[in-house]
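Colleague: Structure below; questions to follow.
The values are calculated or read from the model by the stated rules, or taken from the named source; none is laboratory data. Just so you know, these numbers come straight off a predicted model, no measurement behind them. Here Cβ is always computed from backbone atoms with ideal geometry, including for glycine, and neighbour counts include all displayed protein chains. Side chains included, ligands, DNA and RNA excluded: accessible areas come from the protein's heavy atoms. Shrake-Rupley method; radii C 1.70, N 1.55, O 1.52, S 1.80 Å.
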Amino acid sequence: MGDWWTQWVTNLGRSQSLLVETLDIVLVLALTYMILVIISERRTLWMVRGFIILMLASAISNRMQLHLLNFVLEKLVIGCAVAMAVALQSEFRRFLEQLGRGEFRQLFQPSRLAVPKSDSVIDEIVDAVKELSKNRIGALLILETTGPIDERDFSVPGVKLNAEVSKELIQTIFQPKTLLHDGATLIRGSRLVASGIILPLSGRTASRQLGTRHRAAMGITERVENCICVVVSEETGSISLAERGTLNRPLTITKLKESLEAQFSPTVDREAVAPGLLILGRQIRGKALALISRLLGLPSTASRRDKK
């Protein structure tokens, strides 16, 4: 009786330890999935993969009691975490904002691919920017990339337009005597959604040559990663393109067109990594449930199907 009781307690302890380790793995997979959903671009995905490899190496060295190696790897993991927080600040800001708003479902929804724009829409935008630049008329265009922008990210949402994109309308909006020329204009697909939008300014130290429009373009692209901004300087007529808080300037009309075509091409260099990870998670969950059922003496799903 005593031996049976000891064996039962030992098996129970092993089962609890297995459950805790399984829960630990599932939680790490869920956190990794959320990070990959937020990133979901090849150019930054390799950095995330390298960080995960460092974490795994640190855990293995700790388990194998390689103290010096574990010490070095732990410091590398901390340094890489700080570097990633700086490099991917807009993604981390979005992650924290969604957590704060309780939008947990969005954390597990993969980012959509870049929304293609037709050549005619890009041509209309480029032609309008060309004329505005030649006449030194200031302009600020927001172009959505992977999905709609939440209006809460704007300081002032602006005036609804819902009009077809045309170079004449864009030039008219930014004429100095119109009421909407000081704000930004939002373009979604082939529609001019709104104008007169007031954007949050970037907190970064910028050159004195950059005006409010440039700082606003940097500010919104720092805060929201699914958009880019085209800026025309009122003083010099130079053209700039803001993406992820970085301002690329000055641009020629040809370079601007190439950049927009590359951004909104259907074959843009992005890859959806999260769905594959979700399938892997389901497979791991199925194997874990089968192992737990075997340990507890419960009938497996397959055997229940056979009985039916």
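Colleague: Going down the list Lys167/Lys257; Lys134/Lys160; Lys134/Lys255; Lys130/Lys257; Lys134/Lys177; Lys130/Lys255, which pairs span over 20 Å between their C-alpha atoms?
Modeller: On the way: Lys167/Lys257 14 Å; Lys134/Lys160 28 Å; Lys134/Lys255 16 Å; Lys130/Lys257 10 Å; Lys134/Lys177 18 Å; Lys130/Lys255 12 Å.
Exceeds cut-off: Lys134/Lys160.
Colleague: Accessible area per residue, 1.4 Å probe, Å², for segment 122-190: what's the number?
Modeller: Working: 3320 Å² over 69 residues.
That works out to 48 Å² per residue.
Colleague: Working from the pairwise distances between different alpha carbons, so that the mean of 1/r is found and then inverted, what is segment 170-224's Kirkwood radius in Å? Present the calculation step by step, with values, prior to reporting the outcome.
Modeller: Details: mean 1/r = 0.0819 Å⁻¹.
Hydrodynamic radius (Kirkwood, Cα pairs) of segment 170-224 is 12.2 Å.
Colleague: Also, quick follow-up: Once you have the Cα-Cα distance between Phe71 and Ile198, take 0.36 nm times their residue separation minus that, and quote the gain in nm to one decimal. It would help to have the intermediate numbers written out before the result.
Modeller: On the way: separation 127, 0.36 × 127 = 45.72 nm, distance 4.86 nm.
Result for the pair: 40.9 nm of gain on full extension.
Colleague: For the residue pair Arg249 and Leu56, what label-to-label distance in nm results when each label sits 7 Å from Cα along the Cα-to-beta-carbon direction?
Modeller: 4.4
Colleague: What list of ³J(HN,Hα) values in whole Hz, one per residue of segment 170-185 in order, does the Karplus curve 6.51 cos²θ - 1.76 cosθ + 1.60 (θ = phi - 60°) give from phi, with Gly and Pro shown as x?
Modeller: My calculation for segment 170-185 gives 4, 5, 5, 4, 9, 5, x, 8, 7, 6, 9, 5, 7, x, 9, 10 Hz in order.
Colleague: Could you rank the peptides 130-140, 191-201, 175-185 by their average count of other C-beta atoms within 10 Å per residue, with the highest value first?
Modeller: 191-201, 130-140, 175-185
Colleague: Pull out the extension gain between Val20 and Asp119, defined as 0.36 nm times the separation in residues minus the alpha carbon to alpha carbon distance; nm, one decimal.
Modeller: Fully extending the segment from Val20 to Asp119 adds 30.2 nm.
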